[in-house]
Amino acid sequence: MKMWKVSTVALIAILSAASSGWSEEVNGLRTVDEFDGFTDETARSQALFEEMAKVIQHPRCLNCHPADNTPRQGMEMRIHEPPVVRGDSGFGAPGMRCNTCHGSENVDYVSGDGSIPGHSPWMLAPIEQAWIGKTVAEICAQIKDPERNGGRTLAELHEHNAHDGLVGWGWTPGEGRESAPGTQELFGELTNAWIEAGAACPEG
Amino acid sequence: MYNLTVNNREVSVDVPGDTPLLWVLRDELRLTGTKFGCGVAQCGACTVMMDGMTRRSCVTPIEMADGAFVETIEGLDTPESQAVQAAWVANDVPQCGWCQSGQVVSATALLTEIPQPTDDDIDNAMAGNICRCATYQRIRKAIHDAASTLEG
Ligand code: FES
Ligand code: FES
């Protein structure tokens, strides 16, 4: 009887180790070695970008990549309250710049739950880097295009995704906000693997 | 201990770092012109100038304001602030008055950057300053009047 118990425990341990090996995720984002099974490099690259898109299309990231002049808020991506505008350079309007309210770091409210997000700088992505309403394929083509990605080479794009502070805010969004999937480190690794596999874009 | 300049006066305050600048202004420095409305950056009543920009003091921990140059409604004294003040009086803008220090600070900041603002400029600059007495029409008129004074 005792032997049976021990072997059951061992079996469960083996099975759970195997299943985590089959699907290794960190905070909802698959790790790079999850994409080892592809024989076709282009297909692998496309799949890697699809995984990156889980981050890119998370509201934490989309909310400040609008295709109009208004940032969004919350998981439901509602219009920013109070009403604010993009303004010159994405920093808001004269008299009501983003940093009228958003400081250099997240600040917990003293009079209620939650926090106001912050980072230095705090700003909208330029309009040519708008993502809201775009397909993954459209965003992929846009991200590779120096005309629409801030003049970045693929290496610079990797650096941006892996180390930029405002990108990184997506994983430290402050009390009351869900973080983007994965970690910034993993997002950087996926970006690097996508580039090394040929930076292919998903179809459609 | 945090050191900052408030209305051209150097001050030091010994409070926990997460104390809002608004608390420091009102409770430590007794500058009660700046008001508390919401505490969550939604109303604009607590607006001050910090390093030349509008800033909601309710969401500004004092550690973020260390070394800053802060101006409150008590200290604003520029051609723009004087024009705003005169236009506010001439138009009888305030009703209960609670929101008005924030309104005046934002209006002054707008006119300092854009001497002749359009209605859109006014909407964009003032959208975060809520007035529960709905004095918005008088605020708009007073800003245009102040702009004319500055021009003239
Ligand atoms: S009290 Fe600061 S914005 Fe309302
Ligand atoms: S005058 Fe009463 S809230 Fe504005």
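Quick check on residue B:86: is it crowded, with 20+ Cβ neighbours inside 10 Å and either outside any loop (DSSP other than H, G, I, E, B) or in contact (Cβ under 8 Å) with a residue 24 or more places away in the chain (or both)? The answer is no for residue B:86. Scanning the stretch B:2-17 turns up no residue that is within 16 Å of ligand 1 (Cβ to nearest atom) and in a loop (DSSP other than H, G, I, E, B). Does the stretch B:127-136 contain at least one residue that is within 14 Å of another protein chain (Cβ to nearest Cβ) and part of a helix (DSSP H, G or I)? Looking through the stretch B:127-136, at least one residue is within 14 Å of another protein chain (Cβ to nearest Cβ) and part of a helix (DSSP H, G or I).
Collect the residues in the stretch B:99-116 that are of a type outside the set (S, T, N, Q) and either surrounded by fewer than 18 Cβ atoms within 10 Å (Cβ to Cβ) or more than 7 Å from ligand 2 (Cβ to nearest atom) (or both), keeping them in residue-number order. Within the stretch B:99-116, B:102, B:104, B:105, B:107, B:109, B:110, B:111, B:113, B:114, B:115 qualify.
Close contacts from the stretch B:26-43, counting a first residue that is facing another protein chain (nearest Cβ under 8 Å) and a second that is β-branched (Val, Ile, Thr) and surrounded by fewer than 19 Cβ atoms within 10 Å (Cβ to Cβ), with Cβ to Cβ under 7 Å and a gap of 6+ residues or different chains, come to B:39/A:110.
If you check B:139, B:73, B:130 for being within 16 Å of the chain's Cα centre (by Cα), within 13 Å of ligand 2 (Cβ to nearest atom) and open to solvent by 40 Å² or more (accessible area, probe 1.4 Å), only one passes: B:130. Look at the stretch B:122-133: where a residue is on the phi < 0 side of the Ramachandran plot and a partner is β-branched (Val, Ile, Thr) and at pLDDT 95 or above, sitting 6+ places away or on another chain with Cβ atoms under 6 Å, you get B:122/B:143; B:124/A:85.
Residue by residue, here is whether (1) surrounded by fewer than 20 Cβ atoms within 10 Å (Cβ to Cβ); (2) among the aliphatic types (A, V, I, L, M); (3) touching a Cys at 6+ places or on another chain (Cβ under 6 Å) holds:
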position	(1), (2), (3)
A:36	yes, no, no
A:49	no, no, yes
A:70	yes, no, no
A:76	yes, no, no
A:87	yes, no, no
A:96	no, yes, no
A:103	no, no, no
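The values are calculated or read from the model by the stated rules, or taken from the named source; none is laboratory data. Remember, it's a predicted structure, so these values are computed and weren't measured experimentally. Reconstructed Cβ throughout: ideal geometry from the backbone, glycine too, with neighbour counts over all protein chains shown. Ligands, DNA and RNA are stripped out before the accessible areas are found, and what is left, the full protein with its side chains, is counted by its heavy atoms. Shrake-Rupley method; radii C 1.70, N 1.55, O 1.52, S 1.80 Å.
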